[in-house]
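The values are calculated or read from the model by the stated rules, or taken from the named source; none is laboratory data. The model shown is predicted, which means the values in this text are computed figures rather than measured ones. All Cβ positions, even for glycine, are placed from backbone atoms using ideal geometry, and neighbour counts span all protein chains on display. Surface accessibility is based on the protein's heavy atoms, side chains included, excluding ligands, DNA and RNA. Shrake-Rupley method; radii C 1.70, N 1.55, O 1.52, S 1.80 Å.
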Amino acid sequence: MQPSTFRRAAVALAAATLAFAAQAQGYPAKPLTWIVPFAAGGPTDAMARDIAQRTSTQLGQQIIIENTPGAGGTIGSAKAARAPADGYTFLVGHMGYMGAAPSLYKKLAYDPVKDFDAVFRFPDTPLVLLVGKNSPYKTAEDLIAHGQQNPGKLNFGNAGVGSTSHLVAALFASRAKVEITSVSYKGAAPAMTDLVAGQVDAMFDQTNTALPQLAGERVRAVALTSDKAMPQFPGVPPLGQKVIPGFETATWYGIYAPKGTPREAIQKVYQAYTKALADKAWTDKMAAQGIRMLPDDQYTPDALAKHTATEVERWRKVAAEARISLD
Ligand code: ASP
């Protein structure tokens with residue numbers, strides 16, 4: 001590069017940095033949008049709305065939830081990846097479409113690591129295996145025995161191909177050696193409607209949305225995916241304790257921004273969230289829903305970025321071992 005060209009480039013860069021620094025002072029100047037890639041009323045939507053509301057109060061700016069369901073979260077994710085990287089559009093991402101999807105889809109319209117900047121991680125949420133209120137199955141062993149005697153006859157509802165309800169059911173089937181039939185919806189909420197109506201036999205749902213259904217006695221819980229029993233689910237055993245030794249899983253979530261989003265915007269949103277997390281009454285409320293708080297250093301943008309990369313790798317093995325297919 002000629003010295004004059006170099007100087008011009010340096011001047012342009014300095015001007016751009018100053019322009020954003022000036023904007024960053026006023027950031028956020030308008031409402032933020034968080035894309036939830038599932039139907040409203042499901043576990044992702046419920047967590048996102050709660051966290052958005054608390055974060056928004058600290059940020060002093062509204063956060064609008066935009067539900068963009070379909071294809072296990074991958075449609076909304078692709079939309080978020082292509083959104084302007086200006087600090088106003090974010091994705092509520094989870095283990096499925098931001099961890100497992102690259103191993104499941106031959107062609108994925110985005111790369112969870114290369115196309116996004118991590119902003120912050122949510123607490124994790126275990127899942128619970130539910131059956132209909134009038135189901136003949138009282139335990140996970142009953143379900144497995146029926147499934148083994150009648151291959152393909154057990155219908156498991158899920159939130160879409162590659163959603164956590166789908167992935168966890170596929171892992172369960174693989175480890176328990178049963179052949180199940182997956183029935184996909186545009187989110188856990190419509191899947192739950194069909195479970196309650198007796199249209200499907202079972203479903204793995206997150207604890208936060210399973211609890212109100214259990215309280216209303218619309219469904220029954222037969223097993224947990226947590227490593228230990230949970231007081232919110234009295235008498236419900238963890239699958240890993242006896243039925244499938246070592247089985248343990250929870251959905252992880254994070255907020256992501258399109259790659260290239262200004263660092264200052266990411267920091268402001270992350271800091272607003274950490275201020276919200278300092279409210280113990282709120283974190284206690286989440287914990288009461290079975291949501292699992294993490295060590296403080298696990299919520300940071302860097303920790304989420306590392307976690308995402310590690311999970312994309314981990315799922316390559318898990319998906320291959322469990323032979324999770326998209327059919
Ligand atoms: N998180 C749910 C799942 O992946 C979907 C939803 O929130 O509707 O199963």
Glu141 meets each of (1) within 16 Å of the ligand (Cβ to nearest atom); (2) open to solvent by 40 Å² or more (accessible area, probe 1.4 Å); (3) not hydrophobic (A, V, I, L, M, F, W, C) with one exception, condition (1)
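Can Ala118 be described as assigned to a strand (DSSP E or B) and among the hydrophobic types (A, V, I, L, M, F, W, C)? So that I can check it myself, show each step before the final result.
Values: assigned to a strand (DSSP E or B): yes; among the hydrophobic types (A, V, I, L, M, F, W, C): yes.
Answer is yes for this residue.
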Filter the stretch 35-80 for residues that are more than 13 Å from Leu91 (Cβ to Cβ) and of a type in the set (Ser, Thr, Tyr); the one that is surrounded by the most Cβ atoms within 10 Å (Cβ to Cβ) is Thr55
Within the stretch 81-115, restricting to residues that are within 18 Å of Ile266 (Cβ to Cβ) and assigned to a helix (DSSP H, G or I), the one that is least open to solvent (accessible area, probe 1.4 Å) is Met98
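Of the residues Pro84, Pro69, Pro136, which single one is at pLDDT 95 or above, more than 25 Å from Pro301 (Cβ to Cβ) and more than 16 Å from the ligand (Cβ to nearest atom)?
Details: Pro84 fails: more than 25 Å from Pro301 (Cβ to Cβ); Pro69 fails: more than 16 Å from the ligand (Cβ to nearest atom).
Matching residue, one of Pro84, Pro69, Pro136: Pro136.
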Residue set Thr249, Thr283, Thr261, Thr300; condition under 20 Å from Ala223 (Cβ atoms), open to solvent by less than 60 Å² (accessible area, probe 1.4 Å) and not hydrophobic (A, V, I, L, M, F, W, C); output residue Thr249
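Which count do you get for residues in the stretch 215-236 that are in contact (Cβ under 8 Å) with a residue 40 or more places away in the chain and either closer than 21 Å to Leu167 by Cβ or open to solvent by less than 70 Å² (accessible area, probe 1.4 Å) (or both)? First the steps, then the outcome.
Let us first name the residues in the stretch 215-236 that are in contact (Cβ under 8 Å) with a residue 40 or more places away in the chain, namely 217-226, 230, 232-233, 236.
Now restrict to residues that are either closer than 21 Å to Leu167 by Cβ or open to solvent by less than 70 Å² (accessible area, probe 1.4 Å) (or both): 219-226, 230, 232-233, 236.
Number of matching residues: 12.
Among the residues of the stretch 264-287, is any under 30 Å from Tyr105 (Cβ atoms), part of a loop (DSSP other than H, G, I, E, B), at pLDDT 95 or above and within 21 Å of the chain's Cα centre (by Cα)?
So the first thing to find is which residues in the stretch 264-287 are under 30 Å from Tyr105 (Cβ atoms), and the list is 265-266, 269-270, 273.
Remaining after also requiring part of a loop (DSSP other than H, G, I, E, B): none.
Within the stretch 264-287, not a single residue is under 30 Å from Tyr105 (Cβ atoms), part of a loop (DSSP other than H, G, I, E, B), at pLDDT 95 or above and within 21 Å of the chain's Cα centre (by Cα).
Please verify whether the stretch 145-160 includes one or more residues that are in contact (Cβ under 8 Å) with a residue 24 or more places away in the chain, within 16 Å of the ligand (Cβ to nearest atom) and outside any strand (DSSP E or B). Reasoning before the result, please.
Step one: of the stretch 145-160, the residues in contact (Cβ under 8 Å) with a residue 24 or more places away in the chain are 147-148, 151-160.
This time we only want the ones that are within 16 Å of the ligand (Cβ to nearest atom), so: 155-160.
Those left that are additionally outside any strand (DSSP E or B): 159-160.
Yes: the stretch 145-160 contains one or more residues that are in contact (Cβ under 8 Å) with a residue 24 or more places away in the chain, within 16 Å of the ligand (Cβ to nearest atom) and outside any strand (DSSP E or B).
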Given the conditions (1) more than 23 Å from Val36 (Cβ to Cβ); (2) outside any helix (DSSP H, G or I), every one holds for Ser182 apart from (1)
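Evaluate the following for Leu211: is it in contact (Cβ under 8 Å) with a residue 60 or more places away in the chain, within 16 Å of the ligand (Cβ to nearest atom), part of a helix (DSSP H, G or I) and closer than 30 Å to Glu321 by Cβ?
Working: in contact (Cβ under 8 Å) with a residue 60 or more places away in the chain: yes; within 16 Å of the ligand (Cβ to nearest atom): yes; part of a helix (DSSP H, G or I): yes; closer than 30 Å to Glu321 by Cβ: no.
Answer is no for this residue.
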